[in-house]
1. Which residues in the range 307-339 place their backbone N less than 19 Å from a point set 7 Å from the Cα of E243 along the Cα-to-Cβ direction?
2. What is the sum of charges, Lys and Arg at +1 and Asp and Glu at -1, for the other residues whose Cβ falls under 13 Å from the Cβ of G254?
3. Express the relative contact order of the range 219-332 as a whole percentage, based on alpha carbon pairs under 8 Å and six or more residues apart in sequence.
4. Can you work out the PRE-style zone for A347? Point 7 Å along Cα to Cβ, and I want the residues of the range 281-299 with backbone N under 17 Å.
Amino acid sequence: MALRPPNSTADIATVARTVALLVAVTFIAACATRQSAPVEDRVARPPPTIAQPEPAPPPPLPAAEPDWRPRTYTVKAGDTLQKIALDHGLDYRELTVWNNLDNPNLILVGQTLRLTSPSEAAPTTGASGVTTAPLRAPSAVAEARPAPPVAAVRPGDNVKSQPKALKEPYSERAVREVTLAATAPASVPAAAAPSEPPASGPTAAPRESKPDAPRPGVTDSADSDRLDWAWPVKGKLVGTFSETANLKGIDIAGKAGEPVLASAPGRVVYAGTGLRGYGKLIIIKHNNTYLSAYAHNREIVVKEGQQVGKGQKIAEMGNTDADQVKLHFEIRRLGRPMDPVRYLPPA
């Protein structure tokens with residue numbers, strides 16, 4: 001049957017609806033395949049955290065150790081009372097009192113010196129098994145600065161037996177100390193030193209003595225290693241500590257006259273020029289464990305027996321007994337030299 005072209009209004013309307021339907025289907029299909037626009041998140045976010053490197057931990061401090069120091073010491077050639085005190089972490093004025101020395105600048109080779117107070121009780125062992133020793137009470141001594149010490153003399157040397165008396169300037173403190181010393185009970189006498197042989201007789205060979213037993217117990221208190229140390233001066237490090245090379249401290253370069261500061265609080269136990277190789281020297285005792293030493297100063301501005309605080313000016317930098325302007329600085333633990341860099345904060 002042959003098709004006839006649409007010629008009626010009904011046929012035209014049917015074709016129009018069919019075309020419209022096809023267009024609608026095509027549009028819907030196109031919308032279904034279109035990708036949706038991305039949704040932007042406008043919520044504020046914190047910036048990314050960058051991990052900071054942790055600072056390097058400070059080097060560990062030496063652990064508590066038994067007190068190695070003997071109770072007595074036999075004087076050797078070249079010794080001075082100040083050197084013996086420094087090497088054993090003591091105050092030379094305490095040694096003077098403990099050994100009943102009339103002149104701290106005159107000691108004899110072979111003489112036996114006690115390194116503990118006559119009144120110091122024997123160490124006791126507590127319930128925990130740790131041996132402890134009582135603290136030594138400070139001695140009442142005059143603050144007059146003695147003359148520069150002399151090296152130990154040998155028995156038979158022609159020396160004066162009666163040294164010149166030291167005169168102390170008048171002050172209320174001096175009167176008070178003399179009064180206390182006069183009214184204080186007598187202490188146990190120190191062990192007598194060996195008598196000096198006649199100068200005309202033959203010199204006896206030095207007798208061989210057994211080494212003294214070390215003091216028992218641990219002397220470190222709970223806060224001995226917690227001293228808040230500070231650099232005594234600011235400058236270039238020109239000398240480092242070395243046990244093998246016998247370098248007992250560090251050397252810090254600087255300019256003449258720059259202030260030298262106390263590295264930690266304590267009491268000045270020496271101020272003078274009595275130790276060879278140190279020039280004008282200051283020694284500060286911080287507690288029963290630690291001393292610090294400051295050498296080659298141009299000027300000393302503190303006195304023996306004076307209490308000083310951390311950061312207080314104690315001297316001016318110089319080059320006494322040195323080849324350049326520098327500070328030689330030592331930290332001694334129980335008299336033994338330690339590396340100061342292990343105690344000082346990072347430069």
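Every number here is computed from the coordinates shown, using simple stated rules; none is lab data. Treat the numbers as computed from the prediction; the structure is a model and nothing was measured. Cβ placement follows ideal geometry from the backbone for every residue including glycine, while neighbour counts extend to all protein chains displayed.
1. Answer for the range 307-339: 330-339.
2. Summing Lys/Arg as +1 and Asp/Glu as -1 gives +2.
3. 30 percent
4. 295
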